[in-house]
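Heads up: the structure comes next, in structure tokens.
Every number here is computed from the coordinates shown, using simple stated rules; none is lab data. Worth saying up front: this structure is predicted, and the values here are computed from it rather than measured. Here the Cβ positions follow ideal geometry from the backbone for every residue, glycine too, while neighbour counts run over all protein chains shown.
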Amino acid sequence: MSVVTRRHEEIQEKIENELPDAILDIEEHQNAPAIVANPSRVDDVVRVLKENGYNHLSSVSAVEYENRYESVYHLRRITDDREDFDEINVVAHADRDEPAVQTVSNVFKGANWHEREAYDLMGVRYDDHPDMRRILLPETWNGHPLREEYDVDQPQYTTLEAHANPIEERYEVDEDESALDTMFINIGPHHPATHGVLHLKTVLDGEVVVDVEPDIGYLHRCEEYLCERLNYKYQIMPYPDRWDYISAGMINEMSYARCIEELADIDVPEYAQVIRTLAQELSRIASHMLAVGTFALDLYGELNVIFMYAFKDREIVQEILEDLSGQRLMFNYLRLGGVSYDLPEPREEWFEKIRDFTEELPEKMKEYRTLLEGNELLMKRAEGTGILEPEVAKEYGCTGPILRGSGVGYDVREVDPYSYYDELDWDVVTKDGCDNLSRVQVRLGEVEQSARIVEQCVDILEDWDGEQEIQSRVPRSVSPPAGTENYTAVEGAKGELGIHIVSDGTEQPHRLKIRSPCFSNLSAFSELAEGEYLADMIATLGSLDLVFGEVDR
Amino acid sequence: MVTFNDAVAEFFGVEEFSPLVEFAVALVGAVIVGSIILTIVGVSAVWFKRKLNARLGDRIAVNRVGPAGLFIMPADALKLLSKEVVVPEGVDRASYLLAPILAAAAVIAAFAFIPFGSGLQVADPETGLIFALAFASLGAIPIVMAGYSSKNKYSFLGFEREVAQAIAYEIPLVVSALAIVPLVAYFGDTDTPLRMSEIVAAQQGPLLGIEGLPVPNWFLFAQPIAAALFFVAILAEFSRNPFDLPEAGSELVAGYLTEYGGVNFVLLFLAEFAAIFFGGALFTALFLGGGSGPFLPAAVWFLIKMFAFYVVVQWLRATVPRVRIDQLLSLGWKYMLELTFLNLLLTAGVLWVVL
Amino acid sequence: MLDTSKTQISERREGDVDPRMNSKLREMFGSLPIVTTSLDKVMNWARASSMFPFQFGIACCSIEMMHTVAIKHDMDRFGAGVFRNSPRQADLMIVPGTINAKLAPRVKRLYDQIPEPKFVVSMGSCTISGGPFQEGYCVVKGLETFAPVDIHVPGCPPRPEALLYGVMKMQEKIKRGESSPVTVKPYEIRELQDWDRDEVADFFEDELEPDTLVMNYTHSPELREVSEVEEGVNPTTPAEPTEGD
């Protein structure tokens, strides 16, 4: 901790030297100190931080207070060295009546979407933002729903209209014959390859994608709004399951549990930690299986062999998780301070079930690899397409298999351990290809690593001779002290899944912001897809493995 | 080999029919061939395809509707025919409604030139091979009509792809088929080597005319390179996997089919599957010795070989991903074209040396 | 302020015989009862036995829908496994997931694009009532508020077995030629030119084409209750009981 503290002091000094009037105050958040920056200089502060190694902007969240609005930036250091990991927050205060803060989207491109979201839901304007529009709600929406004063009962009108070619003017200047002839096409919200309800406003030049703009919000389910009206202890927990609904529910629950447990200072017994780890890794296996299957589906366009095999294996994992939690998909298994049930009885039988699965897995992985890498045509399609350079990925805040497929070994489980990961033996999988293939390969590798963790957890649980305590003593009402806030993240199936909670001393969070990995990954999509063929754009979309419950929340 | 009319004339011991009877007999022949084709297509497109795909993916597929799910065929047909016919606003009506009929008609008419054996061949002109290949390429035109008239951008992209694909693979298809013509002339000892029945007849002896060899003189063995090239070209010509770009399920929703429903969809779907069988029939006649085979009648052997071709095509569908448009075109123009011409020259050269 | 007149669909579905089960042939043979009855039976059997579901994934339930199609549960066994991407070729619309204000006009458009006869299975709590997200500010409280639904499959999400059961119930219903429920419609999705001049039209007049679909979204439950009482429309039939879950 001392290293980190010293580093924080150094960086603070540096900013004060370079930008004399930029720092107004220093606040203490649960996860790291927060620099209260001058709202008009916040981009300079973030730039200095970026130059000094804080190269990952996790999230931007807007918080409403009685007398002001706050825009909170969470920055992290991404390095391969675990000792080097560190985080810092930046806070900018905005006026109550006309909240406005300087944009940081010129420093981190990934901030673009985050700030649009803050504007959409909270109404904080970002000055000099290149594209200050609504992102989740329809353009015709009236009011900013996360504000206290928002009248939920007012009538709203939403429309369905055809979209115009956004780059038509760009080519209109050039009236001669060499002018590019483009076609605008709406892909989605109903399209077989969008795996949900994404709308891509695509401009095609022949078969080549010249411009693509994702339009999201078709599955915006007001998760943050709902969570802010529910109590910490029981009511919020079912909702995380529905963010990343591809069986990754256990990890999502962990992300919420981790944040509030740190904030409210709740211990988790070691036995429950092991169960949590086991459950999370099983979730990850199921989630990655679906990612591989649907990637193949995008390339084939038919219910093909890889897809079917992936689903066969998912069924097994879902059955194991069902034995544990009683549910196939929406587990609602974790509790603050532990888990809800002990392992299913007879536990030997259940362990045997898991063992059978993990023992067969290497054989199955070999088959997947043959089907994917042994297929000449598939390799031709997947290799060298959807290139995402590591620098660009960091710029946009991409995390998870996407970032690791670009050769950056950032894994929250490794750098900022939680649950029981610290005690276990496993590796971070990275690939240097930066293309669709390496992203899929990373997922296949991670399935194997997860199986390793699962095996170790089963061994530990089998030999457990201490007290089998599944939940620590949690006070009847969980209410962290007023004014405290915390941002923590876990390694979700899709990347860094972070939660930012601001407490006002009651049983309900004042602000609960979900930092969704898919949201950031998708914001880099136009970088990946522009200049590619239409077919490759679809494959790239598949390799990003998006879940719209998490993108739109 | 004789056409259906000749066979009937022989059966009745008649030298020559009057033109009217000739026409009536030809019509009967056409009806027989047409019904065989439609039955096969009906069975394979609706039921067999599902069962086969399910088998490859470890599933069961239809088994509740009738024995082994066989009644799914009338059910599907009745349901699709009874659906509302939607003609979207702003389509080119004439072209939109004509395309499905033309598609189905073109591909079924093409079967007239196929020598099924056992006297089942409706027409056997001197230029039968060229006719058959011309009908094979005709299938692209209804797709263009359908895609262009639908007023849907996905359909539009689908037909654009079809045009590029049809043009790129037209020449390889014809030239790879032509490579067997010298062989037909040589082995069949005939003046009309483009006649379909002569092509089949030339494949009946032992391989390369060497007496005593247990392998038949199928051009698959005598001309393996041409057979491989022809197979690839026919897959591309009829846009089957891995070249199913005009339909491209995951990219273009349903490609040129997007705006079609009900009876129009049935016709296009039927044309699509009949085209696979037409490809199979061509391949069988050109490279698999037509109806040659032991014990069973020639027509039965022919149908078995056609079905085998269909199974291979469906197998590819379940296991091979779609290629990209640039990969497809570069394969067509850069490799297929050169290889087919090289093969033709090679064949001519070898025969020149031998003779 | 809400215009609660029923849309065309709900009116068309109100007769003795569900017009979806009707056909040109039936009209022709209208005076020959034996022929029409047998014909109806055959047609209903065909419609029930062969269903092309519409491939439309929305949210969590679509994962379970994929499981229903895939290896273990294999919906194709019941003749309902040919998923079509294009609405023109589909006849069974399974709606798997939460519908919000932004998506609702699109779902409505897709529903309209499916040619008759079409059937709707609503999957999961969200399509019944908004489910766990009911209190959200932009969540539409059930599919039935703007499109007719034949079968509800409750659950969050329903197990694949439950969806299979729902589809089988749908098939039974079609085989018996039963009519579908009339829907209650607090959210009107109509073309702009059909709205009353004073209400919405002014709001969008300059910006939109007259044939754009516009939805009036109101969160307040009180407003909806009033509209239902005033209208006196038939209550929706209760959800079919399902196994599992």
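Tabulated data for the structure shown
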read-out	value
Net +/- balance of residues flanking A:Q156 in space, Cβ distance below 12 Å, scoring K and R +1, D and E -1	-2
Shielding by other protein chains, A:534-547, mean Cβ within 10 Å	3
Spatial separation of Cα centroids for the stretch A:256-315 and the stretch A:103-146, in angstrom	31
Average Cα contact separation per residue, chain B, under 8 Å, 6 or more apart, as relative contact order %	22
Stokes-Einstein D for the stretch B:208-285, Kirkwood Rh over Cα pairs, 4 °C, 1.567 mPa s (µm²/s)	87
Shielding by other protein chains, B:49-60, mean Cβ within 10 Å	5
Mean Cβ neighbour count within 10 Å, used as a protection proxy, ranking A:213-225, C:94-106 highest first	C:94-106, A:213-225
Whole-number percent relative contact order across chain A, with pairs defined as alpha carbons under 8 Å at least 6 apart	17
Span-rule helices in chain A, defined as complete DSSP H runs reaching 18 Å or more along the axis (Cα) with Kyte mean at least 0.5	none
Centre separation in Å (Cα based) which lies between the stretch C:57-95 and the stretch A:404-433	36
Alpha-carbon centroid distance for the pair the stretch B:213-274 / the stretch A:1-75, whole angstrom	61
Cβ crowding within 10 Å averaged over residues, with A:506-518, A:444-456, B:249-261 ranked highest first	B:249-261, A:506-518, A:444-456
Projected-area mean, the stretch A:245-346, by convex hull of Cα positions, square nanometres	6.9
Most mobile of B:P19, B:P115, B:P182 in a GNM of chain B (Cα contacts under 10 Å)	B:P19
Per-residue Cβ neighbour rank within 10 angstrom, fewest leading, A:D425, C:D40	A:D425, C:D40
Chain A shape via C-alpha gyration tensor axes, a/c threshold 1.5	oblate
Cut-off under 5 Å, modelled amide H: who pairs with A:H510 long-range	A:V502, A:S503, A:D504
Candidates B:I143, B:I37, B:I180, ranked by Gaussian network fluctuation over chain B, Cα under 10 Å, top entry	B:I37
FRET efficiency for B:A68 and B:Q204, using Cβ-Cβ distance with R0 set to 35 Å, rounded to 0.05	0.40
Taking A:K431, B:K151 and counting other C-beta atoms within 10 Å, the order from fewest to most	B:K151, A:K431
Pairs beyond 25 Å (Cα-Cα), from C:K108/C:K173; A:K312/B:K51; B:K151/C:K108; C:K41/C:K118; A:K109/C:K108; A:K201/B:K79	A:K109/C:K108; A:K201/B:K79
For residues of C:205-215, the mean tally of beta carbons on other chains within 10 Å	3
Gaussian network model of chain B, springs between alpha carbon atoms under 10 Å - residue of B:V174, B:V31, B:V313 with greatest fluctuation	B:V31
Where only C-alpha atoms are counted, convex hull volume of the stretch B:4-354 per residue in Å³	159
Cα-Cα separations in the protein assembly as shown greater than 49 Å, expressed as whole percent	33
R0 of 45 Å, Cβ-Cβ distance B:L27-B:V215: FRET efficiency to nearest 0.05	0.65
